[in-house]
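Some notes on the structure that comes next.
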Amino acid sequence: MILNATGTEGEGGALRLVGLVPLVLGIAVLAGCFAGFMVEGEGTPAPYDPPHRLVTGRLYGWMRNPMYVAVTTILVGEAMFYGSIVLLAWAAVAWIFFNFFVVLYEEPTLQRRFGLAYEQYVEHVPRWIPSRPRNVPPRPQLRLATLVYALRDGQVLLVRRTADPNRGLWVAPGGKLEDGESPVECAVREMREETGLVINQPLLRAVMTETSPRADYQWLTFIFVAWDFAGTFTPATGVGEFRWVPVDEVTKLPIPPADAIFFPRLLQDGATFSAKFEYDADLNLLRSEET
């Protein structure tokens, strides 16, 4: 359209042949980027179908924005191939637009979706100039936690959390293991701190693994059931709204998708089981499996 409107196509010659180099190179890089989004990211570059995983391999291990560099390179190659100053100016305009788009929209969006994983990626991989990553980003840290389902008279004690994770959802009392603490010790402590109840002989019913592309959402949770407890029910402030809920009404409440899957299994007779839940960067449940 630019060439038709301006009539600025040059005579070509040697410059046209030279222009084929960035043109072909840019197309090859662009194709590699598309492959990375589909294979590693399990998505597309399109905003309406973004990748479920943070793409850091292939060319994205050398720079954070190879696709925009590839498109600009293609435009420069076209300008050289057609001998058009106007096309070269269009390439410059596109490059400026890409800079603003990346800084003002794309990077903040990726930060929100992928959290710590994206922060580590930014720290080790440059935005525009290709370079070997200075260090390999550390592996995501697995967090250890417990959940305790206290049961009495066909009811289970749940809390509607006021903080992340699971803000606004109904879950069992529990929390993260402290240094040197066993899962049972953590279960007893968390129940005492959050509810005032002292549980005796909690039964380990499940071990739940939750993974995601986010480095800040990697969990291994030990799930206990308790029928024997003492003390006065005194909910801690700042945790959330506590309620004794009939067992058959639990899955009708707003609860995490993983809880809706494993909760009915907790109340069945049988051996302790394990379950794995895999999420995307927005913590939408992708798949689950139980053993």
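The values are calculated or read from the model by the stated rules, or taken from the named source; none is laboratory data. Just so we're clear, the structure is a prediction, and the values are computed from it rather than from any experiment. Cβ: placed from backbone, ideal geometry, glycine included. Neighbour counts: every protein chain shown. In case anyone asks, the SASA skips ligands and DNA or RNA and just uses the protein heavy atoms, side chains included. Shrake-Rupley method; radii C 1.70, N 1.55, O 1.52, S 1.80 Å.
Descriptive notes on the structure:
- Once the Cα-Cα distance is subtracted from the 0.36 nm per residue extended length, the A14 to I129 segment shows a gain of 38.6 nm.
- A full extension of the chain between K276 and T234 corresponds to an added length of 11.8 nm, given 0.36 nm per residue minus the alpha carbon distance.
- Principal axis dimensions, region 166-252 - Cα atoms, whole angstrom, descending: 41, 35, 26
- Calculated from the structure at hand, Rg and Dmax of the Cα atoms in Å is found among (i) 18.0, 52; (ii) 27.1, 91; (iii) 18.6, 57 as (ii).
- Which of W219, P254, A145, positive extreme of dipole for region 145-291 (C-beta unit charges): P254
- Spin-label pair L283-S182: with each label point 7 Å from Cα along the Cα-Cβ axis, the two points sit 3.1 nm from one another.
- With R₀ set to 30 Å, the beta-carbon distance separating M38 from R143 gives a calculated FRET efficiency near 0.50.
- Dipole magnitude of region 80-172 about its Cα centre (Cβ charges: Lys, Arg +1; Asp, Glu -1), debye to nearest 20: 300
- Mean Cα-pair separation over length for the chain, i.e. relative contact order, pairs under 8 Å, 6 or more apart, %: 16
- Heavy-atom surface of region 212-262, accessible at 1.4 Å and reported per residue (Å²): 47
- Ligands, DNA and RNA left out, the accessible area of the chain computed with a 1.4 Å probe is 60% carbon and sulfur.
- Residue (of P165, W95, V122) at the positive-pole extreme of region 87-170, dipole from beta-carbon charges: P165
- Here's the picture: charge each Lys and Arg Cβ at +1 and each Asp and Glu Cβ at -1 in the chain, and of V184, M80, M67 the one pushed furthest to the positive end of that dipole is M80.
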